[in-house]
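Engineer: Dumping the structure here so I can ask a few things about it.
Where a number appears in this text, it was derived from the coordinates with a stated rule and is not lab data. It should be emphasised that the depicted structure is a prediction, and the values quoted were computed from it without experimental measurement. Neighbour counts run over all protein chains shown; Cβ positions are idealised from the backbone, glycine included.
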Amino acid sequence: MVNFTAADFTALTTQREVQGISRPALSYWQDAWIRLKANKRALVSLYLVIGLLLFTIAGPWVWRVNPAAQDLDQIGQPPGTDRAGRIVDDIQPWFGDEAAGVTSVRVSGDATTQAVRLQWSALPGANGHRVYRNMFALGQERAYGIPIAEIFDNSTLYFVDRLDLKPRHYYYFVVALGPQGELLDSFESIEVDVQRVTTVDEAIEQGLGEVADGLQVGDRVNMTWHPLGTDYLGRDMLARLMAGARVSLLIGIGAPFLFVLFGVIYGSMAGFVGGRTDQLMMRFADFVIALPFLLFMILFKIAFGIGPGESGVFPLLVALVVLMWPATARLVRGQVLQIREQAYISASQLLGAKTNYLIIRHMIPNTLGVVLVTVTFAIPSAIFTEAFLSFIGMGVAPPTPSWGSMSNEGIKTMLTTPHELIFPAALISITVLAFNLLGDGLRDALDARMRNTE
Amino acid sequence: MWLYTFKRMLQGVLTVWFIASATFFAMHNVPGDPLLNDRAMTPAVRANLEAKYGLDQPLSTQYFIYLRNLARGDLGISFTQENREVNDIIREHFPVSAILGILAILFAAAGGILWGALTAIFRNRWPDYAIMFLVILGISVPSFVVAALSQLALVNINALAGTTVLPVAGWGTLLHMLVPAMVLGLGTMAYLTRLMRSSMLEIISSDFVRTAKAKGLPPARIFAKHQFRNAILPVVTVLGPAIAAITTGGFVVELVFAIPGLGRFFVEAVQQLDYTVIMGTTVFYGAFLVFMVIVVDVLYGFIDPRVRLE
């Protein structure tokens, strides 16, 4: 038997801070931000996205060039072309020089971007002549280039070429025509170096010099600067890319936000109400998902039509929202159903939380991460859709630029002026790439369940 | 399983009916007049034409006539090429698209599975990085740009070789099909590669693979018998959407490579507002896509017993 004395019973001293939290508590978003920052690819993409937004929003304030203004002296200019030009007189009609003894084809006066005046003497056995222009020398296939004139008679032995001349090297071919207008074998050729010129009026209109400066014929001027060149109508590429970015990103970012918003409302309602209504709502969503997406986009665009002066951006937005919401709705419904069964919801309900409080405090914050990831992944697909539709001529109507329609225009001249295709195509690719990588990063950072195994 | 198939088929028919109706009413909503062209038309001629095309009937009657014809498989006569039936157009041009599409799918599936498996095996080493870089490029560059650039490359290759190694555009021989099919399948291949990679990685770290290793199976056998066959399953599920992507992607590729397929015809019809051709091909494409998805889903049920239970 042990005899206890009062001394054996001493009160224990309470030990505090045994299981204290030693580091500051991180909120969900702080944690996500730290994870995102650790992901180099995602961070670079984030900077790219910010840069693109700056390009779109602030760009037109910095580069104040009207995207619709045409610079007719510089059509289809690649970036970095020499801008030096000469001022010449307004064009005068010309009917061949009187000068006798023209034997082979020759150029009268200067060959300029304003006009190239060709004169020749009749080829042996010719009943007429056809004039060709080419950018390349004659190869084995005897491809003369583009026919620019056809004269079925030997009395006219001159031609003024004013067709889309660029300051570069051209080959002209004058080919003899037979009695039926068929090509004969005999031809003559000349190589021409075309110089860039402009007239006084145009120079003043373009703001190349003040009238007070006394611009005169023969003066040398520097043409307007187009950092990224011009397109096939002489419009500034940089300004057009910025204007196109507004349209492409409005569709690319605006549509996903709208349809995700709609999907969230629809899905959370279905998930929250449950029962028959949920079944019915989800059946409808399944049905919309089953529709072939691009086919219906085309159908929508045809049905809406584009009136004169309309850009067709609004119908595109509506069509995207109408067709793309169900995936988000499904996802959000699943999330809501899952969260509803969680223990912390029951705990919250036991503590007396009302539905509104549950939605605002638990449902929305817990689904926000998934929704954000969905938006980020929906942006590239919306941009692709816009580009695809514009490419087949069903997207944004000209003259409104979008990256897709610019690519569509650029693809037609990609052999001679590849920059018209490369710039918009590169912007589409970079944007899609940035949002894809950012989406990957956000998914890994925000959602532990969807975190992939990379 | 049969009940499931039957249900899906019923759902598919319903979807096709909806597509047909939506197409019909969308086309009726189009601003403009289908009979309006450059030639002046007397009221009598106009009335005759309207009677011929049934345009003088009320909308509901027109709709039922349309549905009845559709049920009979009659899609009408082209508006712009008046001696051609839409059925003939589809019969003539769809096989071309189908061959191209099948080639593209084969290319995408084979490439995606192969590259995906490779990246998973060489995880975080240079083959992985190189392939994933190309994959991300494949996902980010629009197909028309890839098509145009590959044409440009072909022009240069042919110029360098001095002869036509591969034709730049057109249709006819297998050589014509090669590059367009690769371009068409590229996006899907990139997508499948990613999918295959993550599915492989998941399998590699699973319990049954560890058990197989513990049993002392050679790595090649583990790969073939345990990893590969399981990893391939998710790839099969996305074949349905992949078929849809390749079909609509065909619109662009056929246009760029001047291939006389149905896709190009559809886009041209859309641009010329050839109403009957648009309606006919939309319904045809819609039915085709809906049923391809169903076929893939049902097949998946046969392949993977776990799905059947649901």
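Engineer: Shielding of B:124-136 by partners, i.e. mean partner chain Cβ atoms within 10 Å per residue?
Structural biologist: Across B:124-136, the average partner-chain Cβ count within 10 Å equals 1.
Engineer: At R0 = 30 Å, how high is the FRET efficiency between residue A:273 and residue A:314 if r is their beta carbon distance? Nearest 0.05 is fine.
Structural biologist: Efficiency, from the Cβ-Cβ distance: 0.40.
Engineer: What fraction of the Cα pairs in chain A, stated in percent, has a spacing above 39 angstrom? Don't skip to the end; give the middle numbers.
Structural biologist: Details: 50063 of 102831 pairs.
Result for the distance tail: 49 percent.
Engineer: Given contacts defined as C-alpha pairs under 8 Å and at least six residues apart, what's the relative contact order of region A:224-362, whole-number percent? Please report the intermediate quantities before stating the final value.
Structural biologist: Values: 104 pairs, mean separation 43.2, N = 139.
Once divided by the residue count of region A:224-362, the mean separation gives 31 percent.
Engineer: A further question on this structure: Placing unit charges on C-beta atoms (Lys and Arg positive, Asp and Glu negative, everything else neutral), compute the dipole magnitude of the protein assembly as shown about its Cα centre in debye, rounded to 20.
Structural biologist: 4280
Engineer: Also, quick follow-up: Relative contact order for chain A using alpha-carbon pairs under 8 Å, separation at least 6, rounded to a whole percent?
Structural biologist: 19
Engineer: I would also like to ask the following. DSSP loop (so not H, G, I, E, B), at most 13 other Cβ within 10 Å: list which chymotrypsin sites (Phe, Trp or Tyr not before Pro) in region A:218-279 pass both filters.
Structural biologist: Numbers: sites: A:225, A:232, A:257, A:259, A:262, A:266, A:272; in loops: A:225, A:232.
Taking region A:218-279 and a limit of 13 other Cβ atoms within 10 Å, the loop chymotrypsin sites (Phe, Trp or Tyr not before Pro) found are A:225.
Engineer: Could you please rank B:274, B:304, A:231, placing first whichever residue has the fewest other Cβ atoms within 10 Å of its Cβ?
Structural biologist: Arranged by neighbour count, lowest to highest, B:274, B:304, A:231 become B:304, B:274, A:231.
Engineer: Kindly provide the chymotrypsin sites (Phe, Trp or Tyr not before Pro) of region A:61-99 that DSSP labels as loop, not H, G, I, E or B, and whose Cβ sees at most 15 other Cβ atoms within 10 Å.
Structural biologist: Here the chymotrypsin sites (Phe, Trp or Tyr not before Pro) that fit, given the DSSP loop and packing criteria, are A:94, A:95.
Engineer: To continue, here is another question. DSSP loop (so not H, G, I, E, B), at most 13 other Cβ within 10 Å: list which trypsin sites (Lys or Arg not before Pro) in region A:326-383 pass both filters.
Structural biologist: Taking region A:326-383 and a limit of 13 other Cβ atoms within 10 Å, the loop trypsin sites (Lys or Arg not before Pro) found are A:354.
Engineer: Would you mind ranking B:173, A:13 by Cβ crowding within 10 Å, fewest neighbours first?
Structural biologist: Ordered by Cβ neighbours within 10 Å, fewest first: A:13, B:173.
Engineer: A follow-up question, please. Quick one: if you stick a label point 7 Å off each Cα along the C-beta vector at residue B:59 and residue A:84, how many nm between them?
Structural biologist: 6.8
Engineer: Can you compute the charge dipole magnitude of region A:213-255 about its Cα centre, using +1 on each Lys and Arg Cβ and -1 on each Asp and Glu Cβ, nothing else charged? Give it in debye, rounded to the nearest 20.
Structural biologist: In debye, rounded to 20, region A:213-255 gives about 200.
Engineer: Over the protein assembly as shown, what number does the Rg to Rh ratio reach, with both radii from the alpha-carbon atoms and Rh per Kirkwood?
Structural biologist: Numbers: Rg = 33.1 Å, Rh = 31.1 Å.
Expressed as Rg/Rh, it is 1.07.
Engineer: What helices does chain A hold that run 24 Å or longer along their axis, going by alpha-carbon atoms, with a Kyte-Doolittle average of 0.5 or more, using DSSP H for the helix calls?
Structural biologist: The answer, listed by residue number, is A:40-57, A:255-273, A:313-340, A:364-391, A:419-446.
Engineer: With a Förster radius of 25 Å, plug the Cβ-Cβ distance of residue A:205 and residue A:92 into 1/(1 + (r/R0)^6) and report the FRET value to the nearest 0.05.
Structural biologist: After rounding to 0.05, the efficiency reads 0.80.
Engineer: With everything on Cα atoms, drop me the angle between helix B:275-303 and the longest principal axis of chain B, reported from 0 to 90° to the nearest 10.
Structural biologist: 30
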